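K.L.:
For reference, the structure I am asking about is given below.
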Amino acid sequence: MKMRYMRWFICVGLFAVFVSCSSYVEEDQGKKPQERVVSRDDATMGLPCFRCHSYDRFVSRERAVFPHAIHRDTGYHCNQCHPFTGHHPMKVDTGLCKECHNLKTFTFAASGFPARFNHEFHGTLGCQECHLGIFPMKKGAMKITMADIYQGKFCGACHNGKKAFPSSECAKCHAMTKFEKQLVYEVAGVGAVVFSHKFHTSAFTCTDCHTKFFAMKKTQGKMSMDAMNQGKFCGGCHNGSVAADLSDCKKCHKP
């Protein structure tokens, strides 16, 4: 009798365990799998581009580098600027830039002859023609000199007389408002020297002197007669062959 009750007790226990497990399985199967929240960075990193390209470089906020992260944070997606029509070169739809950016004429006023730059006109070439290979993405981020331009850097990469008019045609970019003004070099004991840009350019071009003999700035205190007699500075032309000899002091020095 005891054995029969024992068997009955074991059967009831096993049945209870079975019902409990079945209920748990059914409850668990009825739940939806938890959705994984994909962050914006995860979504961006999932693009095919970053299988090869550096994502860290993409989100860099380094000065004068195109601010991808800022544009992404504004709400733009990669293919709004980069149509996926090919890999090399990566094309840029510059029409979108004009919706926010005022790509018009601005002036570089660092030199004595301010230079005008028409961004809208140059933009027809495509932003990638100049940025970031030739110019950084920030005005004033680099110091640009005519010596650099004559060596094919900055504007000189295109303005070489082949792709665009040569950089020696100064008046096409520079406002020559100070050109009419004469330069006065004070020299103790022998009188000041007055230099006329207008007179000299009636016979010579800018590149005949710059930067062959002179830097693109006034050289007060850096010229000496000894250097000129060696063919430097004014002595490059004032040698009795191209122009009056340096021995004719009164031609330049005025008491």
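The values are calculated or read from the model by the stated rules, or taken from the named source; none is laboratory data. All values derive from a computational prediction rather than experimental measurement. FYI the Cβ positions are ideal-geometry reconstructions off the backbone, even for glycines, and counts take in every protein chain you see.
K.L.:
Considering only segment 158-172, I want to know if a residue exists there that is in the same structural domain as SER247 (by TED's automatic domain parsing), closer than 30 Å to HIS122 by Cβ, of a type in the set (A, V, I, L, M) and modelled with pLDDT under 85.
P.N.:
No, every residue in segment 158-172 fails to be in the same structural domain as SER247 (by TED's automatic domain parsing), closer than 30 Å to HIS122 by Cβ, of a type in the set (A, V, I, L, M) and modelled with pLDDT under 85.
K.L.:
Among the residues of segment 177-199, what is the count of those that are polar (S, T, N, Q) and touching a helix residue (DSSP H, G or I) at 6+ places or on another chain (Cβ under 9 Å)? Don't jump to the end; show me each part of the working.
P.N.:
First pass over segment 177-199, keeping only residues polar (S, T, N, Q): 177, 182, 196.
Going one step further and asking which of them are touching a helix residue (DSSP H, G or I) at 6+ places or on another chain (Cβ under 9 Å), we end up with 182.
Matching residues across segment 177-199 total 1.
K.L.:
Now for a separate question. For segment 129-161, name all the residues that are among the small types (Gly, Ala, Ser) and either under 10 Å from the mean Cα position of the chain (by Cα) or in a loop (DSSP other than H, G, I, E, B) (or both).
P.N.:
GLY133, GLY140, ALA141, GLY152, GLY161
K.L.:
Working carefully through the options SER202, SER167, find the one that is within 30 Å of PHE106 (Cα to Cα), without any contact (Cβ under 8 Å) to a residue 24 or more places away in the chain and surrounded by 14 or more Cβ atoms within 10 Å (Cβ to Cβ).
P.N.:
Working: SER202 fails: surrounded by 14 or more Cβ atoms within 10 Å (Cβ to Cβ).
Every option except SER167 fails the conditions.
K.L.:
Scan segment 92-106 for residues that are within 16 Å of the chain's Cα centre (by Cα) and at pLDDT 80 or above and jot them down.
P.N.:
PHE106
K.L.:
Quick one: count up the residues across segment 206-255 that are in a helix (DSSP H, G or I) and either within 22 Å of CYS173 (Cα to Cα) or touching a helix residue (DSSP H, G or I) at 6+ places or on another chain (Cβ under 8 Å) (or both).
P.N.:
9
K.L.:
Residues in segment 218-236 that are touching a residue at least 12 places away in the same chain (Cβ under 8 Å) and surrounded by 12 or more Cβ atoms within 10 Å (Cβ to Cβ): how many?
P.N.:
10
K.L.:
Yes or no: ALA192 closer than 30 Å to ASP208 by Cα, assigned by TED's automatic domain parsing to the domain that holds THR207 and not basic (Lys, Arg)?
P.N.:
When the stated conditions are applied, ALA192 passes them.
K.L.:
Can you name the residue in segment 59-78 that is modelled with pLDDT under 80 and surrounded by 12 or more Cβ atoms within 10 Å (Cβ to Cβ) and, of all such residues, is farthest from the chain's Cα centre (by Cα)?
P.N.:
Among those residues, the one meeting the criterion is HIS77.
K.L.:
Could you say whether any residue in segment 33-54 is part of a helix (DSSP H, G or I) and modelled with pLDDT under 70?
P.N.:
No, segment 33-54 has no match at all.
Quick grid of which residues meet (1) surrounded by 15 or more Cβ atoms within 10 Å (Cβ to Cβ); (2) hydroxyl-bearing (Ser, Thr, Tyr); (3) closer than 15 Å to THR211 by Cβ; (4) assigned by TED's automatic domain parsing to the domain that holds LYS217:
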{"residue": "PHE121", "(1), (2), (3), (4)": "no, no, no, no"}
{"residue": "GLN128", "(1), (2), (3), (4)": "no, no, no, no"}
{"residue": "GLY133", "(1), (2), (3), (4)": "no, no, no, no"}
{"residue": "MET142", "(1), (2), (3), (4)": "no, no, no, no"}
{"residue": "MET146", "(1), (2), (3), (4)": "yes, no, yes, no"}
{"residue": "GLN151", "(1), (2), (3), (4)": "no, no, yes, no"}
{"residue": "GLY156", "(1), (2), (3), (4)": "yes, no, yes, no"}
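K.L.:
Continuing with the same structure: Would you confirm whether or not segment 173-188 contains a residue that is aromatic (Phe, Trp, Tyr), under 16 Å from the mean Cα position of the chain (by Cα) and surrounded by 14 or more Cβ atoms within 10 Å (Cβ to Cβ)? Write out each step before concluding.
P.N.:
Here is the first cut: in segment 173-188, the residues aromatic (Phe, Trp, Tyr) are 179, 185.
If we keep only those that are under 16 Å from the mean Cα position of the chain (by Cα) as well, we get none.
Looking for residues that are aromatic (Phe, Trp, Tyr), under 16 Å from the mean Cα position of the chain (by Cα) and surrounded by 14 or more Cβ atoms within 10 Å (Cβ to Cβ), one finds none in segment 173-188, hence no.
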